[in-house]
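Novice: Dropping a structure here in structure tokens format, bear with me for questions.
The values are calculated or read from the model by the stated rules, or taken from the named source; none is laboratory data. No experiment lies behind these values; they were computed from the predicted model shown. Positions of Cβ are generated from backbone atoms using ideal geometry, with glycine treated the same way; all protein chains shown enter the neighbour counts.
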Amino acid sequence: MKIILPGIAMIAVVYAFARFSFGLFLPNITSSIGITESQAGIASSAAYVSYTLALVFSSPFIKKFGQLRVIQLAGMSAVVGLLGIALSYNIYVLLMSTFVAGVGSGLASPAFSQVATTAFTGALKDRANTWINSGTSFGLILSGPVALLFTEQWRFAFFLFAILAFTVLLWNTSSIPGTATTSKASTQSLFQWSTLNKARHLIIASIIIGLGTAIYWTFSRSFLIADHQMTNNESILFWITMGAFGVVGGVGGMFIEKLGLAFIYRLTVLILSLSIAILALPSTLAIYSSAIGFGITYILITGILVVWSTRLFFSSCGWCKSCISLSWNRAIHRFRSCRRIDCSIVVCDELSTLCFHHIYWIIRTD
């Protein structure tokens with residue numbers, strides 16, 4: 001627990017606060033700074049670009065500086081990025097801030113994968129990975145009430161997130177071991193052909209999942225307000241619901257152990273696809289079912305990818321490959337969609353059609 005709890009907290013910071021809370025406050029940010037949703041979408045894409053770049057360098061950074069230093073750098077990037085967002089007064093400052101904020105998640109995920117690999121073995125390692133990964137949900141649960149209390153004062157909310165991020169950084173500094181045992185797998189090149197070929201199913205699965213979930217995180221709340229005429233508080237409740245049920249995804253390690261990785265992957269992707277699609281339905285039941293289903297399955301599927309990658313490579317190398325595929329496609333897809341996102345019906349169309357890209361890998365996963 002000395003490793004898992006601070007790990008959960010750091011993942012909450014670098015994902016829920018530094019990246020996903022941008023979508024939570026998006027309506028207020030766009031109106032306050034005076035930017036369009038298209039520009040907001042570009043700013044969101046910047047976070048995914050920096051996330052991907054950080055992933056590329058995370059494995060050699062871990063090898064050279066150690067897991068603790070990389071986790072500390074992740075925490076600092078979140079703190080600086082959150083402060084930058086809070087102080088943003090135009091699109092350029094916002095773009096730079098979201099870029100910096102996105103770096104943290106790209107560094108933290110592989111580093112904690114390495115922490116779990118060196119601290120645990122077998123089923124315990126799988127459970128540790130999935131529980132640490134569930135930190136996103138805990139962050140969403142916390143960010144929701146903050147949004148309810150400070151809807152109009154979004155700058156103060158990001159200042160608060162930055163303070164919490166700094167506190168979590170100090171916690172991790174005192175809890176995470178500074179050294180890691182170097183394994184044979186950790187010396188593998190990230191882009192060596194043999195390792196890429198070994199991870200081909202993992203990479204393609206990550207690409208498809210990245211495409212299918214890209215818009216949901218940034219524009220789902222704006223879509224609910226624009227097309228389903230939800231109030232601000234109702235859309236925030238949707239966000240909290242998504243986070244609360246995402247905690248259930250933290251038990252993924254137990255299900256993987258009992259039912260097998262392939263079966264859990266297929267089932268999770270199917271439910272995730274349906275959850276994305278039903279958000280387009282004009283029904284309160286469908287909307288909150290979408291939040292529940294997406295919350296559970298998104299956390300579970302990312303946990304599955306962690307377990308899958310560590311079983312292939314036993315180090316942060318495999319997780320980097322998965323995340324790069326996942327995030328690069330999100331960045332590209334958000335950049336493409338943000339140019340058209342002013343028409344909110346496009347969001348509905350994207351959410352209801354991208355899910356069908358998953359079906360091939362429901363059948364093909366081995």
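Novice: If the requirement is being at pLDDT below 90, surrounded by fewer than 24 Cβ atoms within 10 Å (Cβ to Cβ), over 20 Å from T231 (Cβ atoms) and of a type outside the set (D, E, K, R), which of these qualifies: A123, A147?
Specialist: Answer to the selection: A123.
Novice: May I pose another question? Do we find a residue being at pLDDT below 75, buried (at least 17 other Cβ atoms within 10 Å of the Cβ), part of a loop (DSSP other than H, G, I, E, B) and not acidic (D, E) anywhere in region 238-260?
Specialist: Checked region 238-260: no residue is at pLDDT below 75, buried (at least 17 other Cβ atoms within 10 Å of the Cβ), part of a loop (DSSP other than H, G, I, E, B) and not acidic (D, E).
Novice: Could you give me the residue pairs with C-beta distances under 8 Å whose first residue belongs to region 112-127 and is free of Cβ contacts under 8 Å to residues at least 12 places away in the same chain and over 12 Å from I256 (Cβ atoms), whose second residue is surrounded by 19 or more Cβ atoms within 10 Å (Cβ to Cβ) and of a type in the set (A, V, I, L, M, F, W, C) wherever it lies, and which are 6+ apart or on separate chains?
Specialist: F120/A128
Novice: Now for a separate question. Given the residues I209, I215, I141, which is the only one that is part of a helix (DSSP H, G or I), buried (at least 19 other Cβ atoms within 10 Å of the Cβ) and either in contact with a Gly (Cβ under 7 Å, 6 or more places away or on another chain) or at pLDDT 90 or above (or both)? Break it down into steps so the answer makes sense when it comes.
Specialist: Values: I209 fails: either in contact with a Gly (Cβ under 7 Å, 6 or more places away or on another chain) or at pLDDT 90 or above (or both); I215 fails: either in contact with a Gly (Cβ under 7 Å, 6 or more places away or on another chain) or at pLDDT 90 or above (or both).
One residue alone meets the criteria, I141.
Novice: Can I ask one more? Within region 53-72, work out how many residues are touching a residue at least 60 places away in the same chain (Cβ under 8 Å) and buried (at least 21 other Cβ atoms within 10 Å of the Cβ).
Specialist: Adding up the residues that qualify gives 7.
Novice: Another one. Report whether or not A108 is closer than 25 Å to F65 by Cα, touching a residue at least 12 places away in the same chain (Cβ under 8 Å) and surrounded by fewer than 21 Cβ atoms within 10 Å (Cβ to Cβ).
Specialist: Values: closer than 25 Å to F65 by Cα: yes; touching a residue at least 12 places away in the same chain (Cβ under 8 Å): yes; surrounded by fewer than 21 Cβ atoms within 10 Å (Cβ to Cβ): no.
So A108 fails the test.
Novice: Identify, by number, the condition in (1) of a type outside the set (A, V, I, L, M); (2) surrounded by fewer than 24 Cβ atoms within 10 Å (Cβ to Cβ); (3) more than 17 Å from the chain's Cα centre (by Cα) that Q114 doesn't meet.
Specialist: Here Q114 meets the rest and fails (2).
Novice: Specify which of the listed residues (G75, G84) is crowded, with 24+ Cβ neighbours inside 10 Å, small (G, A, S) and assigned to a helix (DSSP H, G or I).
Specialist: G75
Novice: Inside region 9-42, can you point out the residues that are among the acidic types (D, E) and surrounded by 24 or more Cβ atoms within 10 Å (Cβ to Cβ)?
Specialist: Matches in region 9-42: none.
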